[in-house]
Amino acid sequence: LPDTACAMVVAHELLFDDTPWLSDSLAGGQQAAGGQAASILSSASKRRRVHPSIAHETAARLGAQSLRLWLLGRNADTFALGQENVEAFGQYESLTSRLHNILELYADGVGILHELIQNSDDAGATEVSFIFDQAQHGDQSLLSPSMREWQGP
């Protein structure tokens, strides 16, 4: 497949850019994230890309990898996004799965607030704050459509 410089490259060495919002921020020199995330995005910016005139579907059929999936493979704990399961090495249960399972054990209602206050007190906190956030969040720039439900109300 041709890359962005119009050089022919073996397809599996190329990424097709299905995350233009990330590419725009990297091209503009913006700091998209901190720490490990910034390192991963910097690494992604160094990977060769399929020429923009090649359709994503065509690039995928010929063996190029989605930038979205490439990023997921380097960022995700265990979660299925309609693609393949991605699991961090050495973990038996992802943090998100563990927190979900813990929250399932609590009864609905104000009981969980009492428990959070008690946990804060046990940890030596002198103040506890709760924020009820009703903000609406867009879903156009998600890594996977199945992440929409994580955006909140």
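The table that follows gives values for the structure above.
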read-out	value
Which listed residue, of Ser45, Ser66, is at pLDDT below 85, surrounded by 10 or more Cβ atoms within 10 Å (Cβ to Cβ) and closer than 18 Å to Thr4 by Cα	Ser45
Long-range neighbours under 8 Å by Cβ, at least six apart or interchain, first residue in a loop (DSSP other than H, G, I, E, B) within the stretch 126-152, second of a type in the set (Lys, Arg) and at pLDDT 80 or above	Asp139/Arg148; Leu142/Arg148; Leu143/Arg68; Ser144/Arg68
Residue pairs meeting the criteria (Cβ under 7 Å; at least 6 apart or on separate chains; first closer than 13 Å to Ser45 by Cβ, in the stretch 12-27; second open to solvent by 30 Å² or more (accessible area, probe 1.4 Å) and at pLDDT below 65)	Leu22/Ala32; Ser25/Ala32; Leu26/Ala32
Leading residue by the ranking (modelled with the lowest pLDDT) among those in the stretch 2-42 that are open to solvent by 30 Å² or more (accessible area, probe 1.4 Å), within 25 Å of Gly63 (Cβ to Cβ) and in a loop (DSSP other than H, G, I, E, B)	Asp17
For Gln83: the one exception among (1) within 30 Å of Ala7 (Cα to Cα); (2) modelled with pLDDT of 75 or more	(2)
The stretch 115-153, residues that are at pLDDT 85 or above and either under 30 Å from Trp70 (Cα atoms) or among the hydroxyl-bearing types (Ser, Thr, Tyr) (or both)	Ser120, Thr126, Ser129
Residue list for the stretch 57-73, filter: closer than 10 Å to Asp18 by Cβ and among the hydroxyl-bearing types (Ser, Thr, Tyr)	Ser66
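The values are calculated or read from the model by the stated rules, or taken from the named source; none is laboratory data. This structure is a prediction, so every number in the text was calculated from the model and none was measured. Positions of Cβ are generated from backbone atoms using ideal geometry, with glycine treated the same way; all protein chains shown enter the neighbour counts. Note: accessible area is taken over every heavy atom of the protein model, side chains too, but ligands, DNA and RNA are not part of it. Shrake-Rupley method; radii C 1.70, N 1.55, O 1.52, S 1.80 Å.
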